[in-house]
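Asker: Below are the structure tokens for one structure; questions will follow.
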Amino acid sequence: MDVSNALKRKRYDGDNHMEAEVDLSLLEAVEKSQNTVELLDLRTLKKLVLSFERRLKENIEARLKYPDQPERFADSEVELHEELEKLKILAGAPELYPELVNLNAIPSILNLLSHDNTDIAIDVVHLLQDLTDEDVLEDNDEPARILVDSLIENNVLELLVQNLQRLSDKDPDEMSAIYNTLASIENMIEVKPTVAELVCERTKLLRWLLGKIKVREFDSNKQYASEILAILLQNSTANQKRLGQMNGVDVVLQAVAMYKSKDPKTSDEEEMLENLFDCLCCLLMPLENKERFVKAEGVELMIIIMKQKKSAYASAIRALDFSMTKYPPACERFVDVLGLKTAFAAFMGKIPISKKNKKERYQEELEERLVSLIASLFGGILRGSRRERLLSKFVENECEKIDRLMELYIRYSDRVTAETQRLEQLELDLEMDEEEKYNRKLESGLYTLQLIAVILGHLWCSEHPQMRARIELLLKQQKLTKNDIKNILQEYHDNIGDLDGAEEKERAQTRIQKIISSF
């Protein structure tokens with residue numbers, strides 16, 4: 001007799017639909033739990049745990065006594081499954097989690113993740129997902145923390161990931177368990193953010209996730225894997241570096257390359273592609289991963305994606321912006337592979353039209369990314385023929401790029417002025433320090449305005465008579481002077497932070513001071 005068949009339950013068909021058939025044994029277990037557990041209190045909890053421990057002991061004894069006779073321990077396995085189902089009711093009383101921990105039930109539950117019968121391990125996965133569900137834990141911060149601390153202490157991360165490696169997407173029950181494993185890990189990160197680094201230090205989850213996004217076929221678990229990977233990378237330099245060392249940059253590039261000339265077919269697939277680009281941009285934070293990106297021809301791939309004008313267009317611009325920020329080799333490669341033509345076409349507003357990018361905010365984000373990208377080019381390419389090619393872009397077609405730059409300058413300047421006035425009004429009612437006011441102005445568009453001023457400064461520093469004349473003419477038309485640009489640059493200079501160290505701050509301030517002096 002196949003014990004796993006005795007326990008098979010229809011949970012998940014791979015497309016987020018519950019199958020029509022429902023196993024009668026599951027219904028019976030639910031009915032039993034509803035009958036026996038009417039009021040959930042400490043006494044009931046103790047009864048549930050005691051009953052579970054008894055069934056667990058019986059199952060262990062039956063398996064030891066009859067290791068080669070599955071039919072002799074099948075009944076004890078069904079009963080153990082029913083006890084695990086009953087424990088799910090605890091999700092209705094998270095305030096009892098500290099008592100569950102005190103009763104020392106957590107080690108017994110977690111040990112079942114390595115049970116010989118995969119279905120029992122799957123029961124535990126579903127139980128953990130229920131207990132850690134964010135809706136359940138809402139407004140129960142302390143019980144949630146106590147539960148998650150106990151789970152971590154008892155090796156939940158190692159056991160979950162070990163179990164993950166024996167599950168297959170081809171089986172609907174196991175596919176559901178894969179999803180719920182990832183959900184449990186996400187839930188624990190929500191309660192305790194340090195879990196994001198712990199799970200990567202202690203387990204092979206990163207490698208498993210990379211294997212998942214490598215698969216060509218799209219499914220809901222590939223989508224979720226991309227989301228979890230983005231969560232693990234977003235606030236952790238250690239994880240970004242760790243994944244880079246595992247050839248992660250190359251794998252993520254291969255995953256997005258599948259969409260260089262085609263669009264995702266569904267909104268879920270579209271979301272997965274955005275997750276993959278989130279992963280790529282996070283990976284591009286450490287310097288060594290920027291180097292890997294350039295070596296893996298990531299710059300070329302992003303330009304191809306832009307040229308194809310598919311849905312990943314804006315994401316490719318974002319990735320290029322991340323790769324070129326404070327990294328001259330990426331800027332040089334960008335110019336060498338003729339990226340200027342593609343980038344400046346986008347800068348001039350020649351972007352693919354679709355429902356999504358008709359939205360005003362989409363176009364603004366694109367503009368801000370392109371301004372940042374062009375500022376990075378000027379910061380990364382200081383001399384030589386590449387610098388000349390970059391500058392020449394602002395002269396062609398009667399300096400149309402400078403016209404566009406000044407158009408953006410006026411728009412963002414107006415927006416920042418409006419926000420400054422609003423903050424002055426607010427200050428009458430609220431106490432606001434200078435740092436908070438500055439951050440509010442940055443959010444309203446000051447940072448983009450500062451970068452536009454930096455680009456105008458680089459153009460002015462070139463001493464090109466045609467460019468200088470155009471800038472002066474446009475300023476005069478708007479009743480502005482060079483002092484207006486200098487003031488913006490001075491504020492930028494004064495607020496450069498020391499995140500990259502005191503020496504880098506001093507170098508950056510010196511560069512901006514040189515531009516200010518040139519006006």
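The values are calculated or read from the model by the stated rules, or taken from the named source; none is laboratory data. Just so it is clear, the model here is predicted, and its values are computed rather than measured. Cβ atoms come from the backbone with ideal geometry, glycine included; neighbour counts cover every protein chain shown. When the accessible area is computed, the model is the full protein with side chains, heavy atoms only, and any ligands, DNA or RNA have been set aside. Shrake-Rupley method; radii C 1.70, N 1.55, O 1.52, S 1.80 Å.
Asker: Which shape class applies to the stretch 408-519: rounded if a/c is under 1.5, otherwise prolate when a/b exceeds b/c and oblate if not, where a ≥ b ≥ c are the square roots of the Cα gyration tensor eigenvalues?
Answerer: oblate
Asker: Here is a follow-up. With the full set of protein chains in place, find how many percent of the accessible area of the stretch 63-179 is carbon and sulfur; take the probe as 1.4 Å.
Answerer: Roughly 41 percent of what the probe reaches on the stretch 63-179 is carbon or sulfur.
Asker: Something else: Given the DSSP H assignment, sum -39500 (n - 2.57) over each helix run of at least 4 residues in the chain and divide by its residue total; what's the result at 222 nm in deg cm²/dmol, nearest 500?
Answerer: The helix-only estimate for the chain comes to -23000 deg cm²/dmol at 222 nm.
Asker: Going by alpha carbons, how many degrees (0 to 90, nearest 10) lie between the helix axis of 70-87 and the longest principal axis of the chain?
Answerer: That helix lies at roughly 60 degrees to the long axis.
Asker: In whole Å, what is the distance between the alpha-carbon centres of the stretch 37-89 and the stretch 151-198?
Answerer: Each part reduced to its Cα centre gives a spacing of 23 Å.
Asker: Now, a different point. Within the set Lys192/Lys241; Lys260/Lys290; Lys290/Lys437, which residue pairs have Cα atoms separated by over 26 Å?
Answerer: Lys290/Lys437
Asker: Could you please state, rounded to a whole Å, how far the C-alpha centre of the stretch 93-109 is from the C-alpha centre of the stretch 331-353?
Answerer: Measuring centre to centre over Cα atoms gives 58 Å.
Asker: Let me ask something additional. Where the centroid of each part is defined by its Cα atoms, how far is the stretch 263-297 from the stretch 413-458 in Å?
Answerer: Cα centroid to Cα centroid, the span is 31 Å.
Asker: Using the basic label-point model (7 angstrom from Cα toward the beta carbon), what is the Arg415 to Glu472 distance in nanometres?
Answerer: 3.1 nm
Asker: Hey, another quick one. Using 7 Å Cα-to-Cβ label points, what is the Glu217/Lys46 separation (nm, one decimal)?
Answerer: About 5.2 nm, to one decimal.
Asker: Taking the alpha-carbon distance from Lys476 and a cut-off under 20 Å, which lysines remain once sequence neighbours fewer than 8 residues away in the same chain are dropped?
Answerer: By straight Cα distance, Lys476 reaches Lys401, Lys486.
Asker: Okay, next question. Of all alpha-carbon pairs in the stretch 148-257, indicate the percentage at a distance above 19 angstrom.
Answerer: Result for the distance tail: 41 percent.
Asker: Cross-link partners among lysines for Lys170, C-alpha distance below 18 Å, same-chain residues fewer than 8 apart left out?
Answerer: Lys8, Lys10, Lys212, Lys214, Lys222
Asker: How big is the C-alpha Rg of the stretch 123-184 next to the rule-of-thumb value 2.2 N^0.38 Å, as a ratio?
Answerer: Output field value: 1.18.
Asker: Next question. If you average 1/r over every pair of different alpha-carbon atoms in the stretch 341-499 and take one over that average, what Kirkwood value in Å do you get?
Answerer: 17.0 Å
Asker: Enter the angle in degrees (range 0 to 90, nearest 10) between the Cα long axis of helix 118-132 and the first principal axis of the Cα atoms of the chain, meaning the one along which they spread out most.
Answerer: 60 degrees
Asker: Less than 12 Å from a label point 7 Å out along the Cα-to-Cβ axis of Ala257: which backbone N atoms in the stretch 264-307 qualify, by residue?
Answerer: 296-302
Asker: Given R₀ = 51 Å, what would the calculated FRET efficiency be for Glu365 paired with Ser108, taking r from the Cβ atoms and rounding to 0.05?
Answerer: Here the calculated transfer efficiency is 0.50.
Asker: As I understand it, the dipole of the stretch 410-478 uses +1 on the Cβ of Lys and Arg and -1 on the Cβ of Asp and Glu, about the Cα centre. Which of Leu426, Leu451, His464 lies farthest toward its positive end?
Answerer: Farthest towards the positive end: His464.
Asker: Using the per-residue mean of other Cβ atoms lying within 10 Å as a proxy for protection, in what order, highest first, do the peptides 279-291, 486-498, 142-154 fall?
Answerer: The packing order, highest mean first, is 279-291, 142-154, 486-498.
Asker: Further question on the same structure: Does the stretch 277-343 come out rounded, prolate or oblate by the C-alpha gyration tensor, with a ≥ b ≥ c the root eigenvalues, rounded set by a/c under 1.5 and, if not, prolate when a/b is larger than b/c and oblate if not?
Answerer: Note, shape of the stretch 277-343 comes out oblate.
Asker: Could you order the peptides 237-247, 372-382 from most to least packed, using the average number of other C-beta atoms within 10 Å per residue?
Answerer: Listed from highest to lowest mean packing, they are 372-382, 237-247.
Asker: What is the calculated FRET efficiency for Glu443 to Asp133, with r their C-beta to C-beta distance and R₀ = 41 Å, to the nearest 0.05?
Answerer: 0.80
Asker: On to the next question. If the chain between Asn495 and Arg145 were fully stretched, how many nm would it gain, using 0.36 nm times the residue separation less the Cα-Cα distance?
Answerer: Result: 122.2 nm gained on full extension.
Asker: For the stretch 199-334, compute Rg over Rh where Rg is the Cα radius of gyration and Rh is the Kirkwood radius from the inverse mean 1/r over Cα pairs.
Answerer: For the stretch 199-334, the value is 0.94.
Asker: So what is the accessible area of the chain per residue, in Å², with the probe set to 1.4 Å?
Answerer: 49 Å²
Asker: Beyond 24 Å, what share of the Cα-Cα pairs of the stretch 261-374 remains, rounded to the nearest whole percent?
Answerer: For the stretch 261-374, the fraction of Cα-Cα distances above 24 Å is 20 percent.
Asker: May I pose another question? Any chance you could get the radius of gyration and Dmax over the Cα atoms of the stretch 344-411, in Å?
Answerer: For the stretch 344-411, the Cα radius of gyration and maximum Cα-Cα distance read 13.3, 42 Å.
Asker: Further question on the same structure: Calculate what fraction, in whole %, of the accessible area of the stretch 330-400 sits on carbon and sulfur atoms when a 1.4 Å probe is rolled over the protein chains.
Answerer: Heavy-atom surface of the stretch 330-400 belonging to carbon and sulfur, 1.4 Å probe: 48 percent.
Asker: Here's another thing I want to ask about it. Between Leu430 and Asn483, how high is the FRET efficiency from 1/(1 + (r/R0)^6) when r is the Cβ-Cβ distance and R₀ = 35 Å? Nearest 0.05.
Answerer: Taking R0 as 35 Å, the efficiency between Leu430 and Asn483 is 0.65.
Asker: Output wanted: per-residue J couplings in Hz (rounded whole) for the stretch 149-159, from phi through Karplus 6.51 cos²θ - 1.76 cosθ + 1.60, θ = phi - 60°, x for Gly and Pro.
Answerer: Result, ordered by residue: 4, 5, 4, 4, 4, 9, 6, 4, 5, 4, 5 Hz.
Asker: Quick one: net charge of Thr342's neighbours, Cβ under 12 Å, K/R +1, D/E -1?
Answerer: Net charge around Thr342: +4.
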